[in-house]
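Accompanying notes for the structure given below.
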Amino acid sequence: MKIIITGHTRGLGKRFYEHFVSDTNNEVIGFSKRQGTDLNVSIDAVVEAALGCDLFINNAYAGRKQIELIKRLNNKVKMIVVSGSQGGFFNNLIPTEYGKNKKDLSEICHLVSLDKNSSTKILHLDLSCLEGNEVDIDDPDNLKCDYTIEFNQVVQTVDSWIENPSFNDIRFNFKITDLLYDQISTKMGTKKELDQLVEKIKQAVDKSA
Ligand SMILES: NC(=O)c1ccc[n+]([C@@H]2O[C@H](COP(=O)([O-])OP(=O)(O)OC[C@H]3O[C@@H](n4cnc5c(N)ncnc54)[C@H](OP(=O)(O)O)[C@@H]3O)[C@@H](O)[C@H]2O)c1
């Protein structure tokens, strides 16, 4: 397979890169800032390399560039895997630019999956805290988790999807632990909406018990 990955030098993208490059039948090309491709400057080199590829892994976060890449590559590549974030869901509680971009990203993935004219299969990964996530919890865009998702779990999910692309969205585990509750309420400056959400969760669970 010909595979293009953005953000292949660190974190999840690096793990994808190592995984796919280990199969010598694959041709894998990575793009990252330190290697000379800043998506915030231009996405043209990535689009050009990806045209006609089997798999485009749209992983690096760079403002609205993940969304632009989908628009440019829809119907021009066989499969797209997108690193999204559950920060998109929490954008209603803690509005941030990151949360808004990830929410819009999730929506465009859904719309592409509904496009009857598109031959591109798309998978949106609704990720939460990943392994090795050393975040600054004072950063308004970041939440620190007391549990994480292993990269291998994400890579294995993508491998299964490639074999059987019959779904288009995967939500990884995210739980409102006490640590997260404290951070979210601090960032919101109020506990009101968060408590409503926690109450809703409790009621849903109580009803199904
Ligand atoms: N980490 C988490 O807990 C978490 C949670 C939810 C969602 N996600 C999402 O998962 C994806 C991967 O996250 P991660 O934490 O594994 O990434 P990361 O460790 O922060 O690595 C970012 C990668 O993207 C590249 N990159 C960043 N900005 C770029 C730019 N403007 N142009 C080109 N390349 C750029 C970096 O390249 P250089 O090395 O060259 O800088 C690096 O390879 C992101 O979309 C993120 O939003 C992550």
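The values are calculated or read from the model by the stated rules, or taken from the named source; none is laboratory data. Bear in mind the structure is a predicted one, so any value in this text is a computation, not a measurement. We place every Cβ from the backbone using ideal geometry, glycine too, and count neighbours over all the protein chains shown.
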Next item on the list: Within segment 18-37, work out how many residues are near the ligand (Cβ under 9 Å from one of its atoms) and surrounded by 14 or more Cβ atoms within 10 Å (Cβ to Cβ).
Entry: 5
Notebook entry, point to check: Just a yes or no: is a residue in segment 196-203 among the β-branched types (Val, Ile, Thr) and outside any loop (DSSP other than H, G, I, E, B)?
Noted result: yes
Item checked: Top-ranked residue of segment 168-196 - restricted to ones that are aromatic (Phe, Trp, Tyr) and either touching a helix residue (DSSP H, G or I) at 6+ places or on another chain (Cβ under 8 Å) or modelled with pLDDT under 85 (or both), ranked as surrounded by the fewest Cβ atoms within 10 Å (Cβ to Cβ) -> Tyr181
Item checked: Candidate set: segment 148-167, residues that are part of a loop (DSSP other than H, G, I, E, B) and closer than 23 Å to Lys103 by Cβ; chosen: the one modelled with the lowest pLDDT -> Thr148
Margin query: Please count how many residues of segment 74-115 are within 16 Å of the ligand (Cβ to nearest atom), aliphatic (A, V, I, L, M) and not in a loop (DSSP other than H, G, I, E, B).
Written below: 5
Next item on the list: Can you run down the residue pairs with Cβ atoms below 6 Å, 6 or more apart or on separate chains, where the first is in segment 172-194 and in a loop (DSSP other than H, G, I, E, B) and the partner is surrounded by 13 or more Cβ atoms within 10 Å (Cβ to Cβ)?
Entry: Phe172/Leu127; Phe172/Ser128; Phe172/Ile149; Phe174/Gln86; Phe174/Ser128; Lys191/Ser185
Notebook entry, point to check: Going through segment 46-66 one residue at a time, which ones are within 12 Å of the ligand (Cβ to nearest atom) and assigned to a helix (DSSP H, G or I)?
Noted result: Val46, Lys65, Gln66
